[in-house]
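Engineer: Mind having a look at this structure? Questions to follow.
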Amino acid sequence: MIRRLALPILAIGLWSATAAAELPKAGDALELAPAAWHVNLSAKNTWTLGPPSTMDAAGKVVIHWFCTPKVSACVDDLARLVTLRENGGVYIVAYINGTSKDAKKLDPIRESEGVGRGTVASGPGVKKLFKALGIAKGPQSIVVDVYGKVKATTTTGDINELDARDTVVKQLVESVKPYTTSNEGAKGGNPTSKLTFTIRVSLSPWNSFSDKTPREFTFAGAKEIKCDATTLKGDQVKIDGKNLTATVTCTAPKGVYQARGDLKFGYAGPSGAQGLGAETATWKFEIKP
């Protein structure tokens, strides 16, 4: 059974379909399932794969797609949406202004292949939504990045407009990272100086650290470098929410040195899928009398 999260409530200040009869614009914030849309799409039989899932969409580029049966431009754009889905990294929410039978013909998710990749709405609620958004027939679409910001919209089936949208989607997908890293290290000092060397990891909001892969940091350098530890394991590698820090403190006699730090850790995605992080940093420093 696929678990569906509760639909998020539209926060104050976010774009609302009741504000104007038009699609949101680039730069607007947009929830996965805006409350103003949910009013129109509350019927149980509206969704072919259940309502949009924040768990499934986390860390993916979301494409809201609006189309009407028997519109040739919708059929053409459908092929593009299927390709984007197959390439991965996207979550598609399709709104088909017709019956559930019509929706199956314009379904970019393809039920058996698209579990966790999106869902499709149809029926009277979608008709009301089209009217609220000022959509005639479609195809129209909204591209939203992993942080909930609208990055592109399309209002026609013009090939140039769709090419530009697909390029934006590709660039956004390629830019998604499970985490970012930084490192800091002393650049010098004297023989009594305390030299600190640190690697930091910041997870993306949709991931969490996992204990299924042991956390370990190793520090290596010349034998003259004396440190409070050369290996940190488990809780010695500090975690604070989405941030991880591994730090050692050292001293060294006069000389020019190079040191290296290697960090390994595990993280989990929204669905529980495990990932392995492995990062390396190198530091050069000089100790003067």
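Listed here are the residues, each with its yes/no results for (1) within 30 Å of Pro289 (Cβ to Cβ); (2) touching a residue at least 40 places away in the same chain (Cβ under 8 Å); (3) of a type outside the set (Phe, Trp, Tyr).
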| residue | (1), (2), (3) |
| --- | --- |
| Pro124 | no, yes, yes |
| Pro139 | no, yes, yes |
| Thr156 | no, yes, yes |
| Ile159 | no, no, yes |
| Ile225 | yes, no, yes |
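Engineer: If you go through the range 191-201 one residue at a time, do you hit one that is outside any helix (DSSP H, G or I) and on the phi > 0 side of the Ramachandran plot? Give the derivation first.
Structural biologist: Here is the first cut: in the range 191-201, the ones outside any helix (DSSP H, G or I) are 191-201.
Still in the running and on the phi > 0 side of the Ramachandran plot: none.
Within the range 191-201 (the criterion being outside any helix (DSSP H, G or I) and on the phi > 0 side of the Ramachandran plot), the answer is no, since none of the residues qualifies.
Engineer: Can you say whether Lys212 is assigned to a loop (DSSP other than H, G, I, E, B) and closer than 25 Å to Gly255 by Cα, as far as the supplied structure shows?
Structural biologist: Numbers: assigned to a loop (DSSP other than H, G, I, E, B): yes; closer than 25 Å to Gly255 by Cα: no.
So Lys212 does not fit the description; no.
Engineer: Pick from the range 217-250 the residues that are of a type in the set (A, V, I, L, M, F, W, C) and assigned to a loop (DSSP other than H, G, I, E, B): which of them is nearest to Lys187 (Cα to Cα)?
Structural biologist: Residues of the range 217-250 that are of a type in the set (A, V, I, L, M, F, W, C), as a first pass: 217, 219-220, 222, 225, 227, 229, 232, 237, 239, 244, 246, 248, 250.
Imposing the further condition that a residue be assigned to a loop (DSSP other than H, G, I, E, B) reduces the set to 222, 225, 229, 237.
Details: Ala222: 16, Ile225: 14, Ala229: 19, Val237: 23 Å.
My answer is Ile225.
Engineer: Against the condition within 19 Å of Lys70 (Cβ to Cβ), touching a Ser or Thr at 6+ places or on another chain (Cβ under 9 Å) and not small (Gly, Ala, Ser), how does Lys137 come out, does it pass? Quick ask: steps written out before the conclusion?
Structural biologist: Working: within 19 Å of Lys70 (Cβ to Cβ): yes; touching a Ser or Thr at 6+ places or on another chain (Cβ under 9 Å): yes; not small (Gly, Ala, Ser): yes.
So Lys137 passes the test.
Engineer: Here is a follow-up. Can you tell me which residue in the range 98-128 is surrounded by the fewest Cβ atoms within 10 Å (Cβ to Cβ), limited to those that are under 14 Å from Pro52 (Cβ atoms) and of a type in the set (Val, Ile, Thr)?
Structural biologist: Checking each candidate, the answer is Val115.
Engineer: Turning to a different aspect of this structure: I need the full set of residues from the range 92-144 which are under 23 Å from the mean Cα position of the chain (by Cα) and among the polar types (S, T, N, Q), in order please.
Structural biologist: Thr119, Gln140, Ser141
Engineer: Might you check whether a residue that is surrounded by 14 or more Cβ atoms within 10 Å (Cβ to Cβ), over 22 Å from Ala57 (Cβ atoms) and assigned by TED's automatic domain parsing to the domain that holds Ser42 occurs anywhere in the range 136-150?
Structural biologist: Yes, the range 136-150 contains a residue that is surrounded by 14 or more Cβ atoms within 10 Å (Cβ to Cβ), over 22 Å from Ala57 (Cβ atoms) and assigned by TED's automatic domain parsing to the domain that holds Ser42.
Engineer: With Lys60, Lys127, Lys70, Lys105 as the choices, which residue is modelled with pLDDT of 95 or more and either out of contact with any strand residue (DSSP E or B) (no Cβ under 6 Å at 6 or more places or on another chain) or not small (Gly, Ala, Ser) (or both)? Give the derivation first.
Structural biologist: Values: Lys127 fails: modelled with pLDDT of 95 or more; Lys70 fails: modelled with pLDDT of 95 or more; Lys105 fails: modelled with pLDDT of 95 or more.
Result: Lys60 is the single residue among Lys60, Lys127, Lys70, Lys105 that is modelled with pLDDT of 95 or more and either out of contact with any strand residue (DSSP E or B) (no Cβ under 6 Å at 6 or more places or on another chain) or not small (Gly, Ala, Ser) (or both).
Engineer: Here is a list of conditions, (1) farther than 27 Å from Leu49 by Cα; (2) in a strand (DSSP E or B); (3) not acidic (Asp, Glu), and Tyr95 meets all of them except one; can you say which number that is?
Structural biologist: (1)
Engineer: With Ala268, Ala273 as the choices, which residue is loosely packed, with under 12 Cβ neighbours inside 10 Å and within 21 Å of Asp211 (Cα to Cα)? Can you show your working first?
Structural biologist: Numbers: Ala268 fails: loosely packed, with under 12 Cβ neighbours inside 10 Å.
On inspection, the qualifying residue turns out to be Ala273.
Engineer: Looking only at the range 23-46, decide whether some residue is touching a Cys at 6+ places or on another chain (Cβ under 7 Å), in a loop (DSSP other than H, G, I, E, B) and touching a residue at least 12 places away in the same chain (Cβ under 8 Å). Quick ask: steps written out before the conclusion?
Structural biologist: Going residue by residue through the range 23-46, those that are touching a Cys at 6+ places or on another chain (Cβ under 7 Å) are none.
No, the conditions are met nowhere in the range 23-46.
For every residue, the table says whether it meets (1) under 30 Å from Met55 (Cβ atoms); (2) in contact (Cβ under 8 Å) with a residue 12 or more places away in the chain.
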| position | (1), (2) |
| --- | --- |
| Arg215 | yes, yes |
| Gly221 | no, yes |
| Gly241 | yes, no |
| Val256 | no, yes |
| Tyr267 | yes, yes |
| Ser271 | yes, yes |
| Ile287 | no, yes |
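The values are calculated or read from the model by the stated rules, or taken from the named source; none is laboratory data. Note that the structure is a prediction, hence the values are computed from the model and not measured. Using ideal geometry, Cβ is built from the backbone for each residue, glycine included, and neighbour counts are taken over all protein chains shown.
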